[in-house]
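Have a look at the structure below, then the notes.
The values are calculated or read from the model by the stated rules, or taken from the named source; none is laboratory data. The structure displayed is predicted, hence computed values, not measured ones. Cβ sites come from the backbone with ideal geometry, for glycine too, and all protein chains shown count toward neighbours. Note: areas computed on protein heavy atoms with side chains; ligands, DNA, RNA excluded. Shrake-Rupley method; radii C 1.70, N 1.55, O 1.52, S 1.80 Å.
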Amino acid sequence: MKTSLSSWMHRITTIDMLVIALVTLVASLAGSALKSLPVLSMFGALIIALLIGMVAQFPIRRWYERGRSARVDGVRDGAGLISNKLLRLGIILLGFKLNLQILFTKGIVCLPIAAVVVTFAIVVTYAIARAFRVDPMLAILVAGGTGICGAAAVMGLSSAITVDEDREEEKQEDIMMAVAAVAIMGTVFALAEIVAGPLTGLSATQLGVVAGASLHEIAHAVAAGAAFGSVEIATIMKLSRVLMLVVASIVIALWWDRTQETPDSAGRRRIVFPWFMLGFIGASIVGSFVPGVSTIAPTLVDIAYVVLGMAMAALGITVNFRAIANRGRAAFLASFLASILLLGLAVAIAALVF
């Protein structure tokens, strides 16, 4: 126990960890501030923090390359800790954004639709990606981000996937590529829906449902819903999909273990249950039903986005641009084609049900 505690203290009290923590915090706060700008609001705070982290890696790299080779490992370790551990905390706190009272009353029709949409999107996106020979880990991360809630889903699902130590760098690259794919496709389709939506003849409510059921990031659904004058139904529909992250994480963790994880020498498998998702649900329950918590829930959600922004910025600091260029094209194409099919399903559901 003392050895474990000593090891942790050694990892989190280095100069490298301090530098990465400060850089990621600044990037996260900048993302939260910049998201209010007209164009950047379409991306959201998390994607902006990621982009800032990607830019920040260049001066950081020049800094640590002038030092000892151990400094490289220190920076990577610090970024890895932040992107991994703060991710779980951020996802838990994000649960306060889910008001279950609203979802189970006003959004009761949206919940079964969300289940259908998320299942369809994950299965179809994964199938298309694998047809394009995208590796299973990247394929399922892109599928989850496309089907559930963009970057937050990619980050959340990544914790349900276990890999050997020698594949950790590959996993980080896949997370980065999946985040980039769903962020770009979500933005493209949000702009397309805002422009073409009024030309379809659908009502404002129907367009809001389409936005919430088809767009990837919460920011995308809110922006499109606001443009249609139906931001409430768009948000409820989108948050219904966010709720599916809990079930998806558990199912994908079990699926990954049974189909992708390599047994150890004794024939045993490592089942990593995404326990932090129980914290996500717990936060949702507390925020929805405990008197007085609703007044501080917005603040807790703001903290969640700061923490998640730090995790995204840390991911950006370690991104391998060459890997994205070499391995990311098929994943982007899979997300694009799946997004078209998802939009078609969302339009059909909105027209038939609302």
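The C-beta contact set for the range 210-233 (first residue polar (S, T, N, Q), second residue open to solvent by less than 10 Å² (accessible area, probe 1.4 Å), distance under 6 angstrom, 6+ apart or interchain) comprises 214/342; 214/346; 230/208. Of all residues assigned to the range 41-48, none qualifies as being open to solvent by 20 Å² or more (accessible area, probe 1.4 Å), at pLDDT 75 or above, closer than 15 Å to residue 313 by Cα and touching a Lys or Arg at 6+ places or on another chain (Cβ under 8 Å). Only one of the listed residues (315, 333, 300) is over 24 Å from residue 27 (Cβ atoms) and assigned to a helix (DSSP H, G or I). That residue is 333. A single entry from 195, 182 fulfils the requirement of being closer than 16 Å to residue 125 by Cβ and among the aliphatic types (A, V, I, L, M): 182.
Taking the range 77-117 as the range and being open to solvent by less than 10 Å² (accessible area, probe 1.4 Å) and of a type in the set (Val, Ile, Thr) as the test, the residues that pass are 82, 91, 117.
Look at (1) hydroxyl-bearing (Ser, Thr, Tyr); (2) at pLDDT 75 or above; (3) open to solvent by 50 Å² or more (accessible area, probe 1.4 Å) and you find that residue 32 fails only one, number (3). Assessment of the range 145-153 against the conditions (surrounded by fewer than 24 Cβ atoms within 10 Å (Cβ to Cβ) and under 18 Å from residue 54 (Cβ atoms)) yields no matching residue.
For the criterion of being in contact with a Gly (Cβ under 9 Å, 6 or more places away or on another chain) and not aromatic (Phe, Trp, Tyr), residue 203 fails. Number of residues in the range 110-148 that are farther than 11 Å from residue 244 by Cβ and not in a helix (DSSP H, G or I) equals 4.
Table: residues versus (1) within 18 Å of the chain's Cα centre (by Cα); (2) in contact (Cβ under 8 Å) with a residue 12 or more places away in the chain.
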site: 176; (1), (2): yes, yes
site: 179; (1), (2): yes, yes
site: 183; (1), (2): yes, yes
site: 186; (1), (2): yes, yes
site: 190; (1), (2): yes, yes
site: 194; (1), (2): no, yes
site: 199; (1), (2): no, no
site: 205; (1), (2): no, yes
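Looking across the range 316-354, the residues that are open to solvent by 30 Å² or more (accessible area, probe 1.4 Å) and at pLDDT below 80 come down to 318, 320, 321, 322, 324, 325, 326, 327.
Anything in the range 162-211 that is crowded, with 24+ Cβ neighbours inside 10 Å and either in contact with a Ser or Thr (Cβ under 7 Å, 6 or more places away or on another chain) or in a loop (DSSP other than H, G, I, E, B) (or both)? List them, or say none. Once the filter is applied, which keeps residues that are crowded, with 24+ Cβ neighbours inside 10 Å and either in contact with a Ser or Thr (Cβ under 7 Å, 6 or more places away or on another chain) or in a loop (DSSP other than H, G, I, E, B) (or both), the range 162-211 yields 175, 181, 182, 185, 207, 208.
Residues that are more than 20 Å from residue 332 (Cβ to Cβ) and among the charged types (D, E, K, R) occur in the range 156-164; there is at least one.
In the condition set (1) touching a Lys or Arg at 6+ places or on another chain (Cβ under 9 Å); (2) part of a helix (DSSP H, G or I); (3) open to solvent by less than 40 Å² (accessible area, probe 1.4 Å), residue 232 is compliant with all but (3).
When the range 214-234 is filtered for residues that are farther than 20 Å from residue 120 by Cα, β-branched (Val, Ile, Thr) and modelled with pLDDT under 90, the ones remaining, listed by number, are 222, 231.
Comparison of 313, 304 shows that the only residue that is closer than 15 Å to residue 98 by Cβ and open to solvent by less than 20 Å² (accessible area, probe 1.4 Å) is 304.
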